[in-house]
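Taking it in order: structure first as structure tokens, then the write-up.
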Amino acid sequence: GGGGSGGSSGGISTGVQSSFEKKVWTSINAGETASVALKNGVLGVTEVSFSVPSTVYGVWVHVSKRDSLPSSVSAFSGEVYKIIEITKGPALAKAGAYTDAAVNFKVEKAWLAENNLANGAVTLHHYESGKWTELVSTVGEDDGTYVHYSAKTPSFSYFVIGQKSGAVAAAPEAEAAPAAPAEEAAEAPAEEAAMEQKGMSKGLLLALLAAVVVVVAVVLYMKKKR
């Protein structure tokens, strides 16, 4: 915000909630850094900044959220969180008119969880010269609702906040059945064997006792007969 008095501290911001943010500067002095702050988390981007090597006049930067990419832009493969378009006025159109461009953005933790993506599995993708380029994104603060990121960009155009290439969604963790302690597992067969052996010994003893009873009965019978 601020007045339109010139310099990067000046500038007038306009925008429609959840749709776009535009900032206009009367002038930006050489060597200064200008920025567009976006307070609405729906856009995904929180700040766009850039520096100018020479003093420029009548500068504007427009940041808007898109529901889809136009047919002139190649399709993006991977999970998409937000599609953003950043455009600039004629004062920044000349090659080298601005440098050190950066985009700060944030992603809802609920979206990361829904897609089984780790914080580091998200990055900013930049469209230029007919192809998508993955920008190096630094993971910043976790405020409890959003995870914040920052990335340098060579220019302003279409951007996708989304899944990093090669990042695989983590499979939900399956609940494993509790394993029996090693000692119990080792003791179980031994106990079964001991019980089996005990049962066999008891059976053998009963068989021998029955045989003795039969022999005694036969001997008594023979004595009576005599």
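Under the condition of being open to solvent by less than 50 Å² (accessible area, probe 1.4 Å), closer than 17 Å to THR153 by Cα and either modelled with pLDDT under 95 or not in a strand (DSSP E or B) (or both), the residues counted in the range 68-95 number 1. Somewhere in the range 98-121, is a residue among the acidic types (Asp, Glu), within 24 Å of LYS39 (Cα to Cα) and assigned to a loop (DSSP other than H, G, I, E, B)? No, the range 98-121 has no match at all. Taking ALA102 as the residue in question, decide whether it is closer than 18 Å to SER49 by Cα, in contact with a Lys or Arg (Cβ under 6 Å, 6 or more places away or on another chain) and not charged (D, E, K, R). Answer is yes for this residue. Exactly one residue among GLU128, GLU141 is open to solvent by 50 Å² or more (accessible area, probe 1.4 Å), under 25 Å from SER35 (Cα atoms) and more than 15 Å from the chain's Cα centre (by Cα), and that residue is GLU128. State the number of residues belonging to the range 52-67 that are at pLDDT 95 or above, in contact with a strand residue (DSSP E or B) (Cβ under 9 Å, 6 or more places away or on another chain) and in a loop (DSSP other than H, G, I, E, B). Result for the range 52-67: 3.
Of all residues in the range 97-113, those satisfying the criterion of being within 15 Å of ILE161 (Cβ to Cβ) and open to solvent by 60 Å² or more (accessible area, probe 1.4 Å) are GLU108, LYS109, ALA110.
Looking only at the range 24-40, filter to residues that are part of a strand (DSSP E or B) and in contact with an Asp or Glu (Cβ under 9 Å, 6 or more places away or on another chain); which one of those is farthest from GLY58 (Cα to Cα)? Filtering the range 24-40 for residues that are part of a strand (DSSP E or B) and in contact with an Asp or Glu (Cβ under 9 Å, 6 or more places away or on another chain), the one farthest from GLY58 (Cα to Cα) comes out as ALA37.
The values are calculated or read from the model by the stated rules, or taken from the named source; none is laboratory data. In this text, all values refer to a predicted model and were calculated from it rather than measured experimentally. All Cβ positions, glycine included, derive from the backbone under ideal geometry; neighbour counts span all protein chains shown. Accessible surface is based on the protein model in full, side chains and every heavy atom, while ligands, DNA and RNA are left aside. Shrake-Rupley method; radii C 1.70, N 1.55, O 1.52, S 1.80 Å.
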